[in-house]
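Q: Next up is a structure, given as structure tokens.
Read-outs: derived from the displayed coordinates by stated rules, not from any lab. Keep in mind the model is a prediction, meaning the values are calculated, not measured. Backbone-built Cβ (ideal geometry, glycine too); neighbour counts: all protein chains shown.
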Amino acid sequence: MAAPSDLIVLDRDGVINEDSVNYIKSPEEWMPLAGSIEAIAELTRAAFRIVVVSNQSGIGRGLFAPKDLEAIHEKMNNAVAGAGGKIAGIYYCPHRPDEKCVCRKPRTALLERVSEDFGASLAGVPLIGDKSADLELARRVNARPILVLTGYGNEAAAEATAAGVEVYPNLAAAARVLIAERGK
């Protein structure tokens, strides 16, 4: 079984790339946040395995098709690979919130699949997100919640701070801390 300390779980929209109230529906709309691709590459070089876990209700809403999401993820994977990094897995929920599925964050089914697929406990694994749902998901699986202030992070900052959650300006800042901790 892999040591849990080599996994890092990232939300996608608002952490790796720009988010939009109109959803990211095509590769053309997918725009990485400054420093995020390089941060994933640095984490990869530090021997972390990066997993992306994301709600993608735009599929359930009929705004884009699974093939569009695959093309977006191909663009993201290519950008990360071009910087020398690797995303070890991408997991997403395609359902609308009103469908009450078991995989929509903060429900835990996606992370249960990650745990099973990677043969690792999620206890203490950094889970980096920009929303309250990400923080709640981390708590539910005993992961280490980390909030970034990109995306919708500022909306969850007061709650995160009150709960003693680590808060960083962006993924690059969080990555620097995690890499430094690994070096100890």
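Q: Could you tell me the relative contact order of the chain? Use alpha-carbon pairs under 8 Å, at least six residues apart, and round to a whole percent. Let's see the in-between values first.
A: Numbers: 342 pairs, mean separation 46.9, N = 184.
Value for the chain: 25 percent.
Q: Would you order Thr161, Thr150, Thr44 from fewest to most other beta-carbon atoms within 10 Å of each residue's own beta-carbon? Don't skip to the answer; put the middle values down first.
A: Numbers: Thr161 12, Thr150 25, Thr44 20.
Ranked by crowding around the Cβ, least crowded first: Thr161, Thr44, Thr150.
Q: So what's the net charge close to Gly35: Lys and Arg +1, Asp and Glu -1, counting the other residues with Cβ under 14 Å from its Cβ? Numbers along the way, then the final one.
A: Working: positive: Arg176; negative: Glu18, Glu38, Glu42.
Net local charge, Gly35 excluded: -2.
Q: If you check each cysteine of the chain for another cysteine whose beta-carbon is under 4.7 Å away, which ones come up empty?
A: Lone cysteines by the Cβ rule: Cys101.
Q: Over its Cα atoms, what ratio of radius of gyration to 2.2 N^0.38 Å does the chain give? If you can, show how the numbers build up before the last one.
A: On the way: Rg = 15.1 Å, N = 184, 2.2 N^0.38 = 16.0 Å.
My calculation over the Cα atoms of the chain gives 0.95.
Q: Picking from Val80, Val102, Val141, which is most flexible by a Gaussian network model of the chain using Cα springs under 10 Å?
A: Val102
Q: GNM, the chain, Cα, under 10 Å: largest mean-square fluctuation among Gly89, Gly58, Gly119?
A: Gly119
Q: Tell me, what HN-Hα J-couplings in whole Hz come from the Karplus equation 6.51 cos²θ - 1.76 cosθ + 1.60 at θ = phi - 60° for each residue of segment 121-134, using x for Gly and Pro?
A: The phi angles translate into 5, 9, 4, x, 5, x, 10, 9, x, 10, 9, 4, 4, 5 Hz.
Q: Cβ under 14 Å from Gly119's Cβ, Gly119 left aside: what net charge do those residues give with Lys, Arg +1 and Asp, Glu -1?
A: Working: positive: Arg49, Arg113; negative: Asp6, Glu112, Glu116, Asp117.
Result for the local shell: -2.
Q: Put a dot 7 Å past each Cα toward the Cβ at Arg140 and Asn154; how far apart are the dots in nm?
A: Output for this residue pair reads 2.8 nm.
Q: Please compute, over every Cα-Cα pair in segment 33-130, the percentage with a separation greater than 20 angstrom.
A: Working: 2091 of 4753 pairs.
Percentage above 20 Å: 44.
Q: Mind checking the dipole of segment 4-182: about its Cα centre, +1 per Lys or Arg Cβ, -1 per Asp or Glu Cβ, Debye to the nearest 20? Don't skip to the answer; put the middle values down first.
A: Details: 20 positive and 24 negative charges, 70 e Å.
I would put it at about 340 debye.
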